[in-house]
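Every number in this text was worked out from the coordinates using simple rules, so none of it is lab data. The model shown is predicted, which means the values in this text are computed figures rather than measured ones. Quick reminder, even Gly has a Cβ in these numbers, built from the backbone with ideal geometry, and neighbours come from all protein chains shown.
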Amino acid sequence: MPFAAALSTHPVTAAAVGEVAGQVLEKLGPHPDLVLLFVTRPHAGALEDAAAAVRHLLSPTVLLGCAAESILGPGLEVEEAPAVSIWAGLVGPVAPVRLWAEVVDGQPQLAGWPDALAFEPQALLLLTDPYSFPVDALLAGLAQRHPDLPVLGGMASAAHGPGGNRLALNDRIHTAGAVGAVIGPGVKLSTVVSQGCRPIGRPLVVTRSERNVVYELAGRPALERLLEMARDGMPERDIRLINQGLHLGLVIDEHRPDFGRGDFLVRNVIGADHSNGAIAVGDVVEVGATVQFHVRDAEAADEDLRDLLASRHADGAVLFTCNGRGSRLFSEPNHDVGVVADVLDNPPVAGFFAAGELGPVGGRNFLHGFTASLALFEEPPLD
């Protein structure tokens, strides 16, 4: 199998790195095309040394990594404790990218994207600093250059302020911007974005809105529509979940005859005005858009991830999960990595808990929260 992953909880960085690199070397051999390296906060200060050691031991074409609050590896999610994980693969052509933002006419613009690549890009794995890199500008810039290119990854979560995050790209450590690996043809790559929600009620058309404030749904105040749903026999469990936190799903492709799991971009409902029945949402909502209320809990998140993975196959997987998941959401530890192992027959997996996750929904790339975003790799067929 052309993929391998390993995790160590040794508190000494050099020992942990030696442990995981040795396991990957034994399973895969030297010179993988891509190596991903993730460390938790206790190892963040030694990320440069860790990356250098991994490059020396494995000699990858591209090394990409970051420090994070929590990380994951085969069968284990390590939350806020010392850990190092590695994922390595023979993925075919791959190129490193270092991205940042430049202000043009008062607006941030994507900078650093190569003018030419030696291959047609199939996907971009991206790690960003949430304090210095405007993800929306990146996605808008990439949509112009490569409109069908899926972007998967996450925001580094080791720091509590600007300058504290650490991103690794080959032999350099960066504290701002973004680093990534462009993956070319050679291995089959697919994406799964589990937003961890389930819809309630029915789809409704927005008939009056202004930027992120929705005033009317299907001709009546938005709050009135929500109360109507509650009066019409909504289960008590759903009412409790609404009180804990409500979400609105925005349909991505309005041309579909009906809408189901994966067709909505889920955004938080961040406020309400009882005087006029309006709700405020964490994104722009256009008049004419089709929306549906959603709720989130551990059961819905588990069901959503399992359902989206049920028809998939993977020989290797990279998982970017939200730092609001894990033990903060689920009653049992190792939930997301456990579902990947259970449903996909235990592929080599690694990743980290992000402060925001990147992944495509409905063919468009978005920044998410409370999401599990996966890159699934399949071994290329034999000639």
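Structure notes:
- MRE, 222 nm, helices only [DSSP H, n ≥ 4, -39500 (n - 2.57), over the chain, to nearest 500]: -6500 deg cm²/dmol
- Under the span-like rule (Cα at least 20 Å along the axis, Kyte-Doolittle mean at least 0.5), DSSP H helices of the chain: 13-28
- Segment 22-67-segment 101-134 distance, computed between alpha-carbon centres (Å): 23
- For residue 81, net neighbour charge (Lys/Arg +1, Asp/Glu -1) across residues whose Cβ lies under 11 Å away: -3
- Each peptide in 28-38, 77-87 was scored by the mean count of other Cβ atoms within 10 Å over its residues; highest first, the order is 77-87, 28-38.
- Its Cα gyration tensor gives segment 197-295 an equivalent ellipsoid, and the semi-axes of that ellipsoid, as √(5λ) in whole Å with the largest first, are 18, 17, 12.
- Rounded FRET efficiency, nearest 0.05, which uses the C-beta distance separating residue 254 from residue 107 and R0 of 30 Å: 0.60
- A cut-off under 10 angstrom between Cβ atoms defines the neighbours of residue 207, and their net charge, with Lys, Arg +1 and Asp, Glu -1, is +1.
- Listed peptides 2-10, 245-253 appear in the order 2-10, 245-253 once ranked by packing, highest mean of other Cβ atoms within 10 Å at the front.
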